[in-house]
Amino acid sequence: DVKVTQSSRYLVKRTGEKVFLECVQDMDHENMFWYRQDPGLGLRLIYFSYDVKMKEKGDIPEGYSVSREKKERFSLILESASTNQTSMYLCASSLPGGPGNTIYFGEGSWLTVV
Amino acid sequence: AQTVTQSQPEMSVQEAETVTLSCTYDTSESDYYLFWYKQPPSRQMILVIRQEAYKQQNATENRFSVNFQKAAKSFSLKISDSQLGDAAMYFCAYRSWGAGNMLTFGGGTRLMVKP
């Protein structure tokens, strides 16, 4: 069964803290994604990675960075958390290839920055 | 850039009835995929149905079907015989090679099912 696991479901962090959101997939997928979900805005792509140590900026990369040292793990990093980064963060993965491939999502990490 | 618009922030339907969720998109490409994803309160995003733009036949998955109007750039989701478990956020999404093979989402429609 397909599994994308986000280790932290709920986090509360202080402004200025460095925050790590971890995502692991067990499907040997090359592609991994980080999305941010806000009411009325849907999901917006922050970063994606199509291979180990490879990354590309999405639509809203400012204030975020990512790390992909191993194929199964894709981390989202908030270098200095701010209150406007309070949101739901969704990790996803897929096989490489065409746009018809299914993208599988994790359960999400709800981050509150105070 | 491609955009996806869901004009209905909320919809409600009576159990066992049929409901249609609307989605429009903007693109200059001819080859792409469209998707409907469901996100129940547990937050796990689940693929409901997909449609390839080159296929004229509307996709169907059990009680879920789409009305794909390529010229009008419209992609609506019909849920027949609605069940309580259908209550969720529904997202329309677009993906193509030209868009970097990324999913672009609409803002979502919250569907409530009344018993």
Query raised in the report: What are the pairs, 6+ residues apart or on separate chains, where a residue within the range A:1-25 that is of a type in the set (D, E, K, R) has its Cβ under 6 Å from a residue that is open to solvent by less than 50 Å² (accessible area, probe 1.4 Å) and assigned to a loop (DSSP other than H, G, I, E, B)?
Result: A:LYS13/A:ALA81; A:GLU17/A:ALA81
Report task. Could you name every one of the strands (runs of 3 or more DSSP E) located completely within chain A that has at least 2 residues being among the charged types (D, E, K, R) and open to solvent by 10 Å² or more (accessible area, probe 1.4 Å)? Result -> A:31-38, A:65-70
**Report entry** Residues of the range A:48-89 classified as touching a residue at least 60 places away in the same chain (Cβ under 8 Å) and in contact with a helix residue (DSSP H, G or I) (Cβ under 8 Å, 6 or more places away or on another chain), total
**Finding:** 1
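State yes or no: is B:ILE46 among the aliphatic types (A, V, I, L, M) and buried (at least 20 other Cβ atoms within 10 Å of the Cβ)?
no
Report, by residue number, each residue of the range B:58-67 that is more than 14 Å from chain A (Cβ to nearest Cβ) and either surrounded by fewer than 20 Cβ atoms within 10 Å (Cβ to Cβ) or in contact with a helix residue (DSSP H, G or I) (Cβ under 7 Å, 6 or more places away or on another chain) (or both).
Selection gives B:ASN58, B:THR60, B:ASN62, B:ARG63, B:PHE64, B:SER65, B:ASN67.
Could you pull out the residue among B:TYR54, B:TYR25 that is within 14 Å of chain A (Cβ to nearest Cβ), open to solvent by less than 50 Å² (accessible area, probe 1.4 Å) and not basic (Lys, Arg)?
Values: B:TYR54 fails: open to solvent by less than 50 Å² (accessible area, probe 1.4 Å).
That would be B:TYR25, the only listed residue that is within 14 Å of chain A (Cβ to nearest Cβ), open to solvent by less than 50 Å² (accessible area, probe 1.4 Å) and not basic (Lys, Arg).
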Requested in this report: Just need a number here: residues in the range B:77-112 that are assigned to a strand (DSSP E or B) and either within 14 Å of chain A (Cβ to nearest Cβ) or open to solvent by 20 Å² or more (accessible area, probe 1.4 Å) (or both).
Outcome: 14
Query raised in the report: Has the range B:30-37 got any residue that is buried (at least 19 other Cβ atoms within 10 Å of the Cβ) and more than 11 Å from every other protein chain (Cβ to nearest Cβ)?
Result: yes
Query raised in the report: Does at least one position in the range B:10-17 carry a residue that is modelled with pLDDT of 90 or more, within 12 Å of chain A (Cβ to nearest Cβ) and open to solvent by 10 Å² or more (accessible area, probe 1.4 Å)?
Result: yes
Query raised in the report: If you go through the range B:38-52 one residue at a time, do you hit one that is touching a helix residue (DSSP H, G or I) at 6+ places or on another chain (Cβ under 6 Å), in contact (Cβ under 8 Å) with a residue 12 or more places away in the chain and not charged (D, E, K, R)?
Result: no
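The values are calculated or read from the model by the stated rules, or taken from the named source; none is laboratory data. Keep in mind the model is a prediction, meaning the values are calculated, not measured. Glycine gets a Cβ as well: all are built from the backbone with ideal geometry, and neighbour counts include every protein chain shown. SASA here: full protein model, heavy atoms, side chains in, ligands and nucleic acids out. Shrake-Rupley method; radii C 1.70, N 1.55, O 1.52, S 1.80 Å.
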